[in-house]
Amino acid sequence: MMNTRIINLTEPFVAEEIEKILETYPFHPYQQVFAHPELRQKLMAHVLSRIPNQYAVVKTPESCHIAMEKIHASIALQLDVKAAIHQGIRQLFELNADWAVGHIPSPDEPSYAASSWFG
């Protein structure tokens, strides 16, 4: 019996777009908040639940790599992904604002300054 696996072809594309878009947001507080793995995962789930996803059934790791290279997002999908990412960033940031206050340093805190990181 051959071992087959279903893979989401859209997920790597969305992950890459999240990276690109987060780079356009201020480091403090957005990039710091979404550097947290749980919030990054929630952002990914938010986006993937709002767009059509493409899947492939693969039999070998090599065919998995080949299938992922074949995804071509239409302009409409690219725009939908970007809109969903921005919406998710706003919503998740608002929902987690209280958590963020306690977990990321403020820019005016001494521990935030790079000079204090090295002693």
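Tabulated data
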{"read-out": "Within segment 32-64, considering residues that are of a type in the set (S, T, N, Q) and at pLDDT 85 or above, the one surrounded by the most Cβ atoms within 10 Å (Cβ to Cβ)", "value": "54"}
{"read-out": "Within segment 15-30, considering residues that are over 19 Å from residue 81 (Cβ atoms) and free of Cβ contacts under 8 Å to residues at least 60 places away in the same chain, the one surrounded by the fewest Cβ atoms within 10 Å (Cβ to Cβ)", "value": "26"}
{"read-out": "Tally, over segment 2-31, of residues that are farther than 22 Å from residue 58 by Cα and either polar (S, T, N, Q) or touching a Cys at 6+ places or on another chain (Cβ under 8 Å) (or both)", "value": "2"}
{"read-out": "Identity of the residue in segment 66-119, outside any helix (DSSP H, G or I) and among the acidic types (Asp, Glu), that ends up modelled with the highest pLDDT", "value": "108"}
{"read-out": "Cβ-Cβ under 9 Å pairs, at least 6 apart or on other chains, segment 70-98 side touching a residue at least 40 places away in the same chain (Cβ under 8 Å) and over 11 Å from residue 14 (Cβ atoms), far side aromatic (Phe, Trp, Tyr) and assigned to a helix (DSSP H, G or I)", "value": "89/30; 93/30"}
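The values are calculated or read from the model by the stated rules, or taken from the named source; none is laboratory data. Keep in mind the model is a prediction, meaning the values are calculated, not measured. FYI the Cβ positions are ideal-geometry reconstructions off the backbone, even for glycines, and counts take in every protein chain you see.
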